[in-house]
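Okay, so here's the structure we're looking at.
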Amino acid sequence: MATENIKLIIGQQDNFTVDQGYFYTFDHDQDSLLQKTDDGNTAFSYPFDTLMSNASTDIVKSAEFDGVYFWSLQNKSDRISIKRWKIDNYICKLQQTFDYLDSDPSHTYDSQAFSIAHYHTQLSSAVISGATTLYLDDYWDDTTLMSFTTTSGDGLILHLGPNSNGEEEDVEVISTVSGGVTIASGTLQYSYDEADIVNFYTYLWVFNNYDGTSSATGALYKFDAYTGEYITKYAGGAYKDVTAATFYNVDSFASYGPVDTLIYIKGTNALFINVGAAGATLPYYGSMVMENIKSDESTVIAVYDICMDSQNIYRLQSAVDGTGTTWGHYSYLLSSLDAFVTSISLAAYPAIIAANTIATTDITAIVKDQFLQPIVGRLVYFTDDDGAGSVLPISDNTDGEGKAETVYTSGNTAREVKITAVVEQT
Amino acid sequence: MYENINFRKANMTFDSGYFYMMDDSWDALAQKLDDGKTAFNYPLNSLLVSAVTSLEYDGINFWSLQNITGGVSIKRWQIENNIVELKDTFNFTPNFSSEAFTVEHYHDTLASGIMASSSVIYLNEYTNMVASGVVLTLGPNSLDQYEEVSVNTISGAQIILASGTQNSYSINDSVNFYNHLWIFNSYGDGTLHKIDAYTGSNIITYSGSEYDNITACTFGTVKGTLPSTVDALVYEKNTNLKYLNVNTMSLYGTMALDNFQPPSTNIKIYDLAIADTNIYRLQKAARYYESNYSWTNYNYVLSTSRRFLDTVSISAYPVILPANGVNTTKITMLVDDQYGDGVWNKPVFFTDDDDVGFITINPAYTDYFFGTGEAITYYKAGVEVATVNIEGEATQYD
């Protein structure tokens, strides 16, 4: 059984994000951003420069980190509030606040989950102060991203650095060139080395329990992350009652390669949205099943926030996967973006045969990973609990559809026979 | 008896080794394993609001039945891009009360390959079930492509499409289609409604108490019934399963189930699914090897459509004979399958508890020519006056 780890306080630290081995949580009661270690100790504390109230409605329901800024979501009685923060000189300083009021005649807001679309690359060559062209490893050829324009007409802002002197700055993209982008003359203050970090963000994505003012379904709202202005929304029941979301670069879908995707949890599945797609609806790169379900296999365990680091998915929960055990705090449960054997479907055709030591039935096992993709070329072992009956062969390799087959020959006693298939993750 | 799928909602369908359930509590279609574990979940993009009381799958679409004020609502859903999208909603009010419905659907293959832009196709089996307005789902082809095409007209074996196909398909690529909904309505004395599955309009209503209080049904290709593999509307009526020919409205057959707990309790079946010869009955209780079981959640209980020994009945004529070591009595063992038909040519082994008396023909085989299910032997009397117990045991060897 999973043990408690980060031990966040319920009703006070209902959010978390991760960066380089540390977990971060906004605590509205302590008015601090807490940096937590895996065992629940506080490694550091960054006081807010702008206080939150101690009211329960000020609880931060979701936290995100885009590589530069921390973002918080609060679901207040009359609005949702999204704030951008930056750690600066040991203080967590508020940079910007976007309030979305219920008094808006066109929209009612009720949200527990959001994320910020953010992207990370690095300089492909060194650049000196005053340069007007920056060469990037990635994204320079993504015309949609590079031509991003805020609702106030500004171009995409790249955050450069820190460089070897610890300096960092924002620059605005003017246009693209082969392998890079151009910026306005005279705006680059510092010099940077090859492989120095470049971060940028574009849109806020908010899972709202209202579609406009209708609570009959939910909607995914898209806001300009620089101005906070409403861009559009995508209605759908799948977007309602979402409690955890994040944005991450995922490389789990063979047909797509690495993709920047908005991830949210619905029931026991995490779904990966392609937010860069055009159209009236947003397609999915894929979906993966997780283990946030109790031992009764029917009660879903709530996930309050998620974050990702490398191939790890951290789910913030107050109950343990696969049990009814609850904790007095929030801790994380892990899932993996690496494909693992997740399910084995086992079926017999026919499922009723004569107990005559002659009759046979075909046993088919289907082995899938958490993305419901077949596990190919894996040995499946079959056993039965009938002393007189037998399965032969006792093992079989899965084919291209994840199927492995054997044949059970009946015993001589009319009874319910249990056949078990076992697959080992290699 | 093992609990298996452990569903918390009273609806179920089956496809390719997985059980499916629509859960109105978390608005998802759950794909479950035989042991109740979750293989996958598909969020619904339209919220359910009320519980689903029956779930069907036609090879492409999932269909759900829900109660609404004054009647029922049937919805068609499709898994698209990891989400379950609502495609159609048909409400039936007033005077509707139903727990069981199904969709008449057929699975066919192309009789010949077609190129992209083709507007004429040929099917191998079910051309006679296709009508103008029916939507055929073609595919997957070798490139894993699917498409839906509308049928314009039928001319002999030719199926003429409303427009050309987008993709090319090879001979024997799959073609799926549905045409009618069938709703068992318990309002009044019971009716069975045949509904146009594309428009939701009522085509014909069949009346009769036979259709009253039906709680589980499905439509499928059934193997093992008379006369051969058939497409049938399969419904449960008390402790029987009935196979209805929807073209003639006559029964292919009726089969006994074991959803009964003595002395007088019928176990409710909440939903049905059929795969190959397996019949999965969704129940909260079961009678299994003379023991009663009840569960908190819903599990499946198996039956088979394949003919199987089900009941034996033994009789003697005369039943009283002198204990003289000479007289004989004719012993008849009647062996029936679950359809109530006599089984063919099955061995029956007889035993008696008299030291001197004996069975003359052992084993005796059930009738080979007329399907009476009778296996006949004779008992020659012993020499002491006593009650003699004779037992017959039939064994299924196939």
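Structure data summary
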read-out	value
Leading residue by the ranking (surrounded by the fewest Cβ atoms within 10 Å (Cβ to Cβ)) among those in segment A:206-227 that are free of Cβ contacts under 8 Å to residues at least 24 places away in the same chain and part of a loop (DSSP other than H, G, I, E, B)	A:Ala216
In segment A:241-268, the residues that are out of contact with any Phe, Trp or Tyr (no Cβ under 7 Å at 6 or more places or on another chain) and either in a loop (DSSP other than H, G, I, E, B) or farther than 16 Å from A:Ser310 by Cα (or both)	A:Asp241, A:Asp251, A:Ala254, A:Ser255, A:Gly257, A:Pro258, A:Ile265, A:Lys266, A:Thr268
Matching entry among B:Ser73, B:Ser16 (being under 30 Å from A:Ser214 (Cα atoms) and of a type outside the set (Val, Ile, Thr))	B:Ser73
Whichever residue in segment A:323-340 is aromatic (Phe, Trp, Tyr) and within 15 Å of A:Asn5 (Cα to Cα) and, among such residues, is surrounded by the fewest Cβ atoms within 10 Å (Cβ to Cβ)	A:Trp327
Of residues in segment A:3-20 being crowded, with 22+ Cβ neighbours inside 10 Å and more than 17 Å from the chain's Cα centre (by Cα), the one nearest to A:Val60 (Cα to Cα)	A:Gln13
Conditions (1) in contact (Cβ under 8 Å) with a residue 40 or more places away in the chain; (2) surrounded by 20 or more Cβ atoms within 10 Å (Cβ to Cβ); number of the one not met by B:Ile159	(1)
Residue, nearest to the other protein chains (Cβ to nearest Cβ), within segment B:274-300, restricted to residues that are β-branched (Val, Ile, Thr) and under 21 Å from B:Thr221 (Cβ atoms)	B:Thr277
Cβ-Cβ under 7 Å pairs, at least 6 apart or on other chains, segment A:228-251 side assigned by TED's automatic domain parsing to the domain that holds A:Gly67, far side of a type in the set (S, T, N, Q) and surrounded by fewer than 17 Cβ atoms within 10 Å (Cβ to Cβ)	A:Glu229/A:Thr151; A:Tyr234/A:Thr281
Near pairs, Cβ below 7 angstrom, 6+ apart or cross-chain, from segment A:287-314 (at positive phi) to any residue that is polar (S, T, N, Q) and modelled with pLDDT under 95	A:Glu297/B:Asn6; A:Glu297/B:Thr38
Matching residues in segment A:395-411 - criterion: being closer than 12 Å to A:Val423 by Cα and surrounded by fewer than 22 Cβ atoms within 10 Å (Cβ to Cβ)	A:Ser395, A:Asp396, A:Asn397, A:Lys403
Checking A:Ala43 against (1) over 21 Å from the mean Cα position of the chain (by Cα); (2) among the aliphatic types (A, V, I, L, M); (3) under 30 Å from A:Thr202 (Cβ atoms), the condition it does not meet	(3)
Hits in segment A:300-322 (condition: loosely packed, with under 15 Cβ neighbours inside 10 Å and either hydroxyl-bearing (Ser, Thr, Tyr) or facing chain B (nearest Cβ under 10 Å) (or both))	A:Ser310
Out of A:Ser72, A:Ser62, sole residue that is touching a residue at least 60 places away in the same chain (Cβ under 8 Å), under 25 Å from A:Val250 (Cα atoms), in a strand (DSSP E or B) and assigned by TED's automatic domain parsing to the domain that holds A:Ile265	A:Ser62
A:Asn209 within 22 Å of A:Val300 (Cα to Cα) and within 14 Å of chain B (Cβ to nearest Cβ)	yes
Boolean, B:Ile331 is away from every other protein chain (no Cβ under 14 Å) and surrounded by 21 or more Cβ atoms within 10 Å (Cβ to Cβ)	yes
Segments classed as strands (runs of 3 or more DSSP E), wholly inside segment A:321-426, with at least 3 members that are over 25 Å from the mean Cα position of the chain (by Cα) and free of Cβ contacts under 8 Å to residues at least 60 places away in the same chain	A:341-349, A:360-369, A:379-384, A:390-392, A:395-397, A:403-409
Within segment B:31-57, considering residues that are more than 8 Å from every other protein chain (Cβ to nearest Cβ) and among the aliphatic types (A, V, I, L, M), the one farthest from A:Ile265 (Cα to Cα)	B:Leu55
All positions within segment B:241-266 that are loosely packed, with under 12 Cβ neighbours inside 10 Å and of a type in the set (S, T, N, Q)	B:Asn247, B:Thr248, B:Ser250, B:Ser264
Count of residues meeting criterion [within 14 Å of chain A (Cβ to nearest Cβ), in contact with a Phe, Trp or Tyr (Cβ under 9 Å, 6 or more places away or on another chain) and of a type outside the set (Gly, Ala, Ser)] in segment B:364-398	3
Segment B:350-398, residues that are without any contact (Cβ under 8 Å) to a residue 40 or more places away in the chain and among the aliphatic types (A, V, I, L, M)	B:Val356, B:Ile359, B:Ile361, B:Ala364, B:Val388
Failed criterion for B:Lys330 (all others in (1) touching a strand residue (DSSP E or B) at 6+ places or on another chain (Cβ under 7 Å); (2) closer than 30 Å to A:Thr361 by Cβ; (3) among the charged types (D, E, K, R) hold)	(2)
Scope segment A:213-250; condition farther than 16 Å from A:Ile273 by Cβ, within 14 Å of chain B (Cβ to nearest Cβ) and among the charged types (D, E, K, R); matching residues	A:Asp241
Flag if B:Gly224 is assigned to a strand (DSSP E or B) and of a type in the set (Gly, Ala, Ser)	no
Hits in segment B:354-391 - residues which are among the aromatic types (Phe, Trp, Tyr) and either loosely packed, with under 14 Cβ neighbours inside 10 Å or not in a strand (DSSP E or B) (or both)	B:Tyr368, B:Phe369, B:Phe370
Number of the condition not met by B:Asp144 [criteria: (1) out of contact with any strand residue (DSSP E or B) (no Cβ under 9 Å at 6 or more places or on another chain); (2) in a strand (DSSP E or B); (3) among the charged types (D, E, K, R)]	(2)
Verdict on B:Asp258 being outside any strand (DSSP E or B), within 14 Å of chain A (Cβ to nearest Cβ) and among the charged types (D, E, K, R)	yes
Any chance A:Phe23 is within 22 Å of the chain's Cα centre (by Cα), outside any loop (DSSP other than H, G, I, E, B) and among the aromatic types (Phe, Trp, Tyr)	yes
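Per-residue answers, yes or no, for (1) within 12 Å of another protein chain (Cβ to nearest Cβ); (2) over 25 Å from B:Asp398 (Cβ atoms); (3) at pLDDT 95 or above:
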residue	(1), (2), (3)
A:Ser345	yes, yes, yes
A:Ile353	yes, no, no
A:Ile363	yes, no, yes
A:Ile366	yes, yes, yes
A:Asp384	no, no, yes
A:Leu392	no, no, yes
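The values are calculated or read from the model by the stated rules, or taken from the named source; none is laboratory data. All values reported here derive from a predicted model rather than from experimental measurement. When we count neighbours, we look across all protein chains shown, and the Cβ atoms used for this are built from the backbone with ideal geometry, even at glycine.
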